1. If only one of B:Tyr117, B:Tyr104, B:Tyr45 is out of contact with any strand residue (DSSP E or B) (no Cβ under 6 Å at 6 or more places or on another chain), of a type outside the set (Val, Ile, Thr) and modelled with pLDDT under 85, which one is it?
2. Within region B:1-117, which helices (runs of 4 or more DSSP H) (wholly inside it) include 1 or more residues that are of a type in the set (Lys, Arg)?
3. Looking only at region A:68-123, count every residue that is more than 14 Å from chain B (Cβ to nearest Cβ) and among the polar types (S, T, N, Q) and tell me the total.
4. Among the residues of region A:187-225, write down those that are buried (at least 24 other Cβ atoms within 10 Å of the Cβ), out of contact with any Leu (no Cβ under 7 Å at 6 or more places or on another chain) and over 21 Å from B:Leu91 (Cα atoms).
5. Name, by its number, the condition in (1) surrounded by fewer than 19 Cβ atoms within 10 Å (Cβ to Cβ); (2) within 9 Å of another protein chain (Cβ to nearest Cβ); (3) more than 13 Å from A:Thr230 (Cβ to Cβ); (4) modelled with pLDDT of 85 or more that does not hold for B:Val84.
6. Which ones in region B:69-81 are within 7 Å of chain A (Cβ to nearest Cβ) and touching a residue at least 60 places away in the same chain (Cβ under 8 Å)?
7. Would you mind stating whether A:Leu121 is at pLDDT 85 or above and in a helix (DSSP H, G or I)?
8. Against the condition within 14 Å of chain B (Cβ to nearest Cβ) and either among the basic types (Lys, Arg) or in contact with a strand residue (DSSP E or B) (Cβ under 9 Å, 6 or more places away or on another chain) (or both), how does A:Arg257 come out, does it pass?
Amino acid sequence: MNNLEFSSYLLIVSYIAGFLGALTGLGGGVVLVPAPALVLLFRVDIHYAMGASLISVIATSSGAAAAFIREGYTNLRIGMFLEAGAVLGAIVGAFVAALLNAHVIAVIFGVVLLASAYLSLRRNEAIESDRPSHPWAMRFGMEGVRPTLTGPRHYRVHNVPAGLGLMGLAGTLSGLLGIGSGAVKVLAMDYAMRLPYKVATTTSNFIIGITAAASAGVYFTRGYVDPGLTMPVMLGVLVGSLTGARVLGGTKSHSLRIVFSLVILALGIEMIYNGVAGSL
Amino acid sequence: MHRSLERIEARIGMTLTAGVLFAGLLVACGGMLYLLHHAGQPVHYHIFRGEPSDLRTIGGVVHEAMTLSGRGLIQLGLVVLVAVQLVRVALTAWLFIVQRDRVYAWIALGILAVLAYSLFRKG
């Protein structure tokens, strides 16, 4: 395959990755790297693939964030609060990386993802009772208002400690495995904190770029970021995420849940396979 | 108070959009130059060689981009994309400072410090 063909294929795959990544709050990398696109289909070395994946997460996050903030979905306070947990987790991850077996972690994470795919589908926001927010959510002013088809609606925020704990875990995992933090971030907000789904995915989308940027320095200096490879990825993901941001408002939350579950189901299987096959 | 909040949120959005489009433009221009010279070459990404040292440091990337090398321009666009993340956290911190929201201002500044440290440390 020559360079032009390769770039064209990658541009199309990246466009889809950016589109799905922005809609689900997972980031383009989750769709790109574990989905065999880069590593298997295009036979790209894992280091180059990691570099391109990191850039794709930042591009998804940046491309869609402006539209999500403008439309009023993103909860910046919850985002920053949880990002602090993720940053602390990433530091812990860097310290414990040497002590843990990456294969075992990958398998455990894969099983967690399979369970999450199921849990995410099972939640039905419509029948949940309107209990008051967690005390921490009141103390830190986390409640918000989100746009709906029938006008703005107030929402409550539950179980903040569990959300923060999951974020720490997400940070640790991304420090250890390099990917997958978006999945845990959405879960922390959706399943633990019981936020409306679109608030969870858009807030995740806002912060995954910041988490990824924290690793960018290392990736650049180690030479993982190849311009020729990353160019079509970045452009495709960027345009894809802009498209995703446009369609989010009109999309049903339940359809998003199905897409999210399918993506993390694939990611979970991939993780378990990699962990068992030892290709991490 | 509420209006100033919305204005800063709009500014975060605008800065993000402008920065990202600028980064995209650099990458697109670099990509065209790159493909102009290398379109017919076979790809070789299955072997990891690492990037040349010029494309690993900010100074080197800027220097390469100045010579209008396609790969240099792309890499500069990617560096800009990462830099936009710093700006966005800084703007978010500013948003909380204007709101006199001390807890969140400190949280955002803390994240900014960790991010800046991770980007500018040596090695």
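1. B:Tyr45
2. B:2-38, B:70-98
3. Matching residues across region A:68-123 total 3.
4. Across region A:187-225, the qualifying residues are A:Asp190, A:Met193, A:Leu195, A:Ala200, A:Phe220, A:Tyr224.
5. (1)
6. Residue satisfying the conditions is B:Leu81 alone.
7. Working: at pLDDT 85 or above: yes; in a helix (DSSP H, G or I): yes.
Yes.
8. The answer is no for A:Arg257.
The values are calculated or read from the model by the stated rules, or taken from the named source; none is laboratory data. Everything numeric in this text was worked out from a predicted model, so none of it was measured. In this analysis, Cβ positions are derived from the backbone assuming ideal geometry, glycine residues included, and neighbour counts consider all displayed protein chains.
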